[in-house]
Amino acid sequence: LGLLVWCLCAASLVLFCDLVPRTPPSFPPNPFSPPEKKRSLPKMFPGERPPEKLSSIIMNKVGCRKFFLYFFLVILIAVLFVLLVTRPLICIVAYGTEDDYRTSYKTYDKSSMNIIYVVTEGLSPSSSTFARLLLGKDYPLPLDDGFAGITKTLSRSSGIPDAAAGSTALSCGLLGYNGGVGVILDSKNSSPLNIPDGVNDPEPCASIFEASISLNYTAGIVTTGSLTQGSAPSFFAHMTSSVYEEKIATQLLERTGPIDLIFGGGRSKFNQRLDRRDLISEMKAVGYNYIDSFNEDDLKDMPLPLLGLFADDHLAYAIDRRNGGVEGQASLSEMVQVALDKLHDVDGRFFLLVDARNIAAAAHNHDATAHYYEIMELQDTVETIRNFVTKKDFNTVVVVATDHNVGGLSVGSDDHSQDAEEADIPRSMWSPKELFKQTRSAEFIFNSIISSVNGVKFNITEDVVREAFALAGVEDLRAFEIDHVRNGFSNADEAVALLYVGDVLSWRGQVSWSTLGNVNSDSFFYNFGYRPADLSGVLSAVDVPRILAHDLGIWSRMNSLTSSLTKQSADLPPYLPPKI
């Protein structure tokens, strides 16, 4: 386009020079030259002019050079017009969107670059496929436009990483072990299963989040889960086992560097503790503004630092929030929008950590429909982030990565149980319409059943089960589904009962799960805004923060912080084996 503009300018200059009137030089007549012969003209009527050929018109009246210059200018103008009209299409083909094109040619300043790090817990490739099929659309999801490569999720202690090990890899760039939050093993041990009771061999490792805070980034955390569970703790805490949730909450308060904005759940670990400490009051005493209900109008004028704890455990699932009955909570995209506005208003660069925890939580419950709504909530959040980058602050790097996968989801199933076969359920089919009948989460149905019988599980009758499912929009339960739910409640573990409720909901849509726990599979990762050169292809999970930290000049600070944290390893509680 630039070359064409230059050519147009050059041609215009030449044409202008050619059109300037010029007086031919005059010479005295040559007396030795022969006299000119008079041309004989054809006979014409009075007032008639002699005919002229087209070639003579071009050569004599316009001139050959002028003719071709005019023709060249017309072609250039037509090409420029076509390029301007088709520019959005060219941008979409070459860059994904026109907004991405606008930032593609800008100069990035790494010394002032913002970081947005999104951890998508439980978002396996099969989950993305399931969401796209259930959506029923053929166009890419917002997340798809930023596809950068594949990550291999790993753990030192198992071939199947949990949230703690997976997030430690994404935060520290080092291989953790299942159950270990922001800690790694020293070189003397090849597996945490070899650690004797009471020996504090695990050592803390500094995260890219902590290193950024030490470099004066303004920092924020937004999660749909509890702040003491899942992936978020590995970015700010260091604990030998993820079961020490109250100690993780304490580390959030006792950090050496401040976290300016904190949104999420887990309120009970702050003010309903076994040690009777009220961490909320303590955080207010050191300057935090505290809210327990999300209201955008109230938040507009509320300065940082800001602490928002909107639930005792994780936040409500998107499917429950959309259908009413949930007050004081917001969607992930709404919380992220407020966080971006707040952090951007502060001078300097910022680091925002976003943890889409409820994607994994729904998968643990085998709740396919709730899982879908959480994935679509993530898509809305990605769109919010992309709008911020393209329209407000392009000098931002956005990384979206999965720390671990959950449940082993597959679309289509033919092996539910013998009871299912007797009920004549079609094999190798799936029924999206059945999934969309569901208006509440499996957790909502579970709580409705428990409240109906006042917690006495052996009083759960067929009518109780039918009424609870009817509240969630499922009114045509079959006999074997009711029996399955009742069998689940006969188990002492409430997690199993909740799982059985989710099983029934997924069965109806012909969606199957392979396990209650975690599974291992390669995951996709994505990159928007600034794109580090090496952040693409097939990578290990530990490579993602390493490449990002090296590119932005943070890696050396991570190493120095890890050395200082190692001296504090004696303060960690005893190692506890992770739950199988």
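Thr439 meets all of the listed conditions (1) among the β-branched types (Val, Ile, Thr); (2) assigned to a helix (DSSP H, G or I); (3) under 36 Å from the mean Cα position of the chain (by Cα) but one, namely (2).
Residues of the stretch 110-131 being charged (D, E, K, R) and either open to solvent by less than 10 Å² (accessible area, probe 1.4 Å) or modelled with pLDDT under 90 (or both), which ones?
Step one: filter the stretch 110-131 for residues charged (D, E, K, R), giving 110, 121.
Within the stretch 110-131, Glu121 is the sole residue that qualifies.
Taken over the stretch 290-328, residues that are open to solvent by 10 Å² or more (accessible area, probe 1.4 Å), assigned to a loop (DSSP other than H, G, I, E, B), under 19 Å from Gln229 (Cβ atoms) and not hydrophobic (A, V, I, L, M, F, W, C) amount to 4. Of all residues in the stretch 329-370, those that are assigned to a helix (DSSP H, G or I) and of a type outside the set (Gly, Ala, Ser) total 16.
For Ser157, the conditions (1) hydroxyl-bearing (Ser, Thr, Tyr); (2) in contact with a strand residue (DSSP E or B) (Cβ under 9 Å, 6 or more places away or on another chain); (3) farther than 20 Å from Ile208 by Cβ all hold with the exception of (2). Listed by first and then second residue, the pairs linking a residue in the stretch 491-514 that is closer than 13 Å to Asn447 by Cα to a residue that is charged (D, E, K, R) and open to solvent by 30 Å² or more (accessible area, probe 1.4 Å), with Cβ atoms under 8 Å apart and 6 or more places separating them unless they lie on different chains, are Ala497/Lys457; Leu498/Glu443.
State whether one or more residues within the stretch 528-542 are in a loop (DSSP other than H, G, I, E, B) and closer than 30 Å to Ser431 by Cβ. No. Considering the stretch 514-530, the residues that are open to solvent by 30 Å² or more (accessible area, probe 1.4 Å) and under 19 Å from the mean Cα position of the chain (by Cα) include one that is nearest to Phe388 (Cα to Cα), namely Phe524. Return yes when Gly166 is within 25 Å of Tyr530 (Cα to Cα) and at pLDDT 80 or above and no when it is not. So Gly166 fits the description; yes.
Evaluated against (1) free of Cβ contacts under 8 Å to residues at least 12 places away in the same chain; (2) farther than 21 Å from Thr223 by Cα, Gly408 falls short on exactly one condition, (1). In the stretch 278-289, is there at least one residue being of a type outside the set (Asp, Glu), surrounded by fewer than 20 Cβ atoms within 10 Å (Cβ to Cβ) and part of a strand (DSSP E or B)? Yes; the residues of the stretch 278-289 include at least one that is of a type outside the set (Asp, Glu), surrounded by fewer than 20 Cβ atoms within 10 Å (Cβ to Cβ) and part of a strand (DSSP E or B).
Selection of first residues in the stretch 286-302 that are in contact (Cβ under 8 Å) with a residue 40 or more places away in the chain and within 16 Å of Gly265 (Cα to Cα) and of second residues that are in a loop (DSSP other than H, G, I, E, B) and polar (S, T, N, Q), restricted to Cβ pairs under 7 Å at least 6 apart or on distinct chains, gives the following pairs, ordered by first then second residue: Phe294/Gln329. Please verify whether Thr228 is open to solvent by less than 20 Å² (accessible area, probe 1.4 Å), among the polar types (S, T, N, Q), under 19 Å from Val181 (Cα atoms) and assigned to a loop (DSSP other than H, G, I, E, B), treating the condition exactly as stated. Considered against the rule, which asks whether it is open to solvent by less than 20 Å² (accessible area, probe 1.4 Å), among the polar types (S, T, N, Q), under 19 Å from Val181 (Cα atoms) and assigned to a loop (DSSP other than H, G, I, E, B), Thr228 comes out as yes.
Here Val511, Val485 are screened, and the one residue that is touching a His at 6+ places or on another chain (Cβ under 9 Å), within 26 Å of Asp320 (Cβ to Cβ) and surrounded by 14 or more Cβ atoms within 10 Å (Cβ to Cβ) is Val511.
For the stretch 322-333, the condition holds for at least one residue, the condition being that it is among the aliphatic types (A, V, I, L, M), under 21 Å from the mean Cα position of the chain (by Cα), at pLDDT below 95 and under 15 Å from Gly265 (Cα atoms).
For the stretch 531-580, a residue qualifies if it is at pLDDT below 75, open to solvent by 40 Å² or more (accessible area, probe 1.4 Å) and of a type in the set (A, V, I, L, M, F, W, C), and the qualifying residues are Ala570, Leu576, Ile580.
The values are calculated or read from the model by the stated rules, or taken from the named source; none is laboratory data. If you're wondering where the values come from, they're calculated on a predicted model, not measured in any experiment. Glycine also receives a Cβ, built like all others from the backbone with ideal geometry; neighbour counts cover every protein chain displayed. When the accessible area is computed, the model is the full protein with side chains, heavy atoms only, and any ligands, DNA or RNA have been set aside. Shrake-Rupley method; radii C 1.70, N 1.55, O 1.52, S 1.80 Å.
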